[in-house]
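K.L.:
Input: one structure, supplied below.
The values are calculated or read from the model by the stated rules, or taken from the named source; none is laboratory data. Computed from a predicted structure; not experimentally measured. Methodologically, a virtual Cβ is constructed for each residue, glycine included, from the backbone with ideal geometry; neighbour enumeration extends over all protein chains shown.
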Amino acid sequence: MFRPITLLTLLLLLAISPKSHGRLPKTETQDRTDAPGTIDRAKILAFAESLLGAPYRYGSSDPKKGFDCSGFVSFVFKKFNIELPRSSSEFKKMGKDVKPKNFKPGDVLVFYSFRSKTRIGHVGIVYEADGMKSKFIHSSSGKTKGVIISDLGSKTYTKRFYRCVDVLEGK
């Protein structure tokens, strides 16, 4: 069950929501027609965006209860028949690294935990690609608990960044 949203939380969500600034930014993938069997990154992002404001809930991938970070990422991609790990630590060795200049919306960002530079502790989906200044959508356990959009370039996330993975390559 969703908790009542306070006025401050609502204002914060409106301030960070791309809907408050108009449509999703244009990307190359939004302009093309995908071939049969390929994945439309814009549709993935639109679905992820529809979950903005869902509460944070450790160990959950249920939109009615809330999401933890990997629960959110796996839930979003599962909607498009893409199975991803349910644990953020499993992204450590998954797939091939993407360099910041090649980030694309729909790629998955992988972060170290707050306390350890050897343990993976967080994942999110690239929302607007701009290298290390990209924005990403994720379920945060921080001050703003729940599905939000954050700046990769913020001090909090830049220092914890581990890698980026294109989970849609070849799909």
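K.L.:
Just a yes or no: is a residue in segment 129-138 under 23 Å from TYR58 (Cα atoms), at pLDDT below 95 and not aliphatic (A, V, I, L, M)?
P.N.:
No; the residues of segment 129-138 include none that is under 23 Å from TYR58 (Cα atoms), at pLDDT below 95 and not aliphatic (A, V, I, L, M).
K.L.:
Do the conditions hold for ARG119, that is, is it touching a Ser or Thr at 6+ places or on another chain (Cβ under 8 Å) and surrounded by fewer than 19 Cβ atoms within 10 Å (Cβ to Cβ)?
P.N.:
yes
K.L.:
Mind counting the residues in segment 34-62 that are more than 19 Å from LEU109 (Cβ to Cβ) and under 15 Å from the mean Cα position of the chain (by Cα)? Steps first, please.
P.N.:
Step one: filter segment 34-62 for residues more than 19 Å from LEU109 (Cβ to Cβ), giving 34-38, 40, 43, 50, 53, 55, 57-60, 62.
Next, only the ones that are under 15 Å from the mean Cα position of the chain (by Cα) stay: 43, 50, 53, 55.
So the count comes out to 4.
K.L.:
Within segment 42-60, how many residues are surrounded by fewer than 17 Cβ atoms within 10 Å (Cβ to Cβ) and among the aromatic types (Phe, Trp, Tyr)?
P.N.:
The qualifying residues number 2.
K.L.:
May I ask you to list the residues in segment 43-92 that are farther than 18 Å from ILE148 by Cα and either in a helix (DSSP H, G or I) or without any contact (Cβ under 8 Å) to a residue 24 or more places away in the chain (or both)? First the steps, then the outcome.
P.N.:
Pass one, segment 43-92, residues farther than 18 Å from ILE148 by Cα: 78-87, 89-92.
Correct list: LYS78, ASN81, GLU83, PRO85, SER87, SER89, GLU90, PHE91.
K.L.:
Quick test for you: out of GLY106, GLY95, pick the one residue that is in contact with a Leu (Cβ under 8 Å, 6 or more places away or on another chain) and at positive phi.
P.N.:
Working: GLY95 fails: in contact with a Leu (Cβ under 8 Å, 6 or more places away or on another chain).
The unique qualifying residue is GLY106.
K.L.:
Got at least one residue in segment 141-156 being more than 21 Å from TYR56 (Cα to Cα) and either at pLDDT below 95 or under 12 Å from the mean Cα position of the chain (by Cα) (or both)? Give the derivation first.
P.N.:
Within segment 141-156, the first condition is being more than 21 Å from TYR56 (Cα to Cα), and the residues that meet it are 153, 155.
Checking which are either at pLDDT below 95 or under 12 Å from the mean Cα position of the chain (by Cα) (or both) leaves us with 155.
Yes: one or more hits.
K.L.:
Considering only residues that are hydrophobic (A, V, I, L, M, F, W, C), in contact with a Pro (Cβ under 9 Å, 6 or more places away or on another chain) and crowded, with 21+ Cβ neighbours inside 10 Å, which ones fall in segment 122-171?
P.N.:
VAL123, ILE125, VAL126, ALA129, VAL147, LEU152, CYS164
K.L.:
I'm trying to understand the selection: among the residues of segment 93-108, which are surrounded by 11 or more Cβ atoms within 10 Å (Cβ to Cβ) and either at pLDDT 95 or above or in a helix (DSSP H, G or I) (or both)? Give the derivation first.
P.N.:
So in segment 93-108, the residues surrounded by 11 or more Cβ atoms within 10 Å (Cβ to Cβ) come out as 94-95, 97-98, 100, 102-108.
Result: VAL98, PRO100, ASN102, PHE103, LYS104, PRO105, GLY106, ASP107, VAL108.
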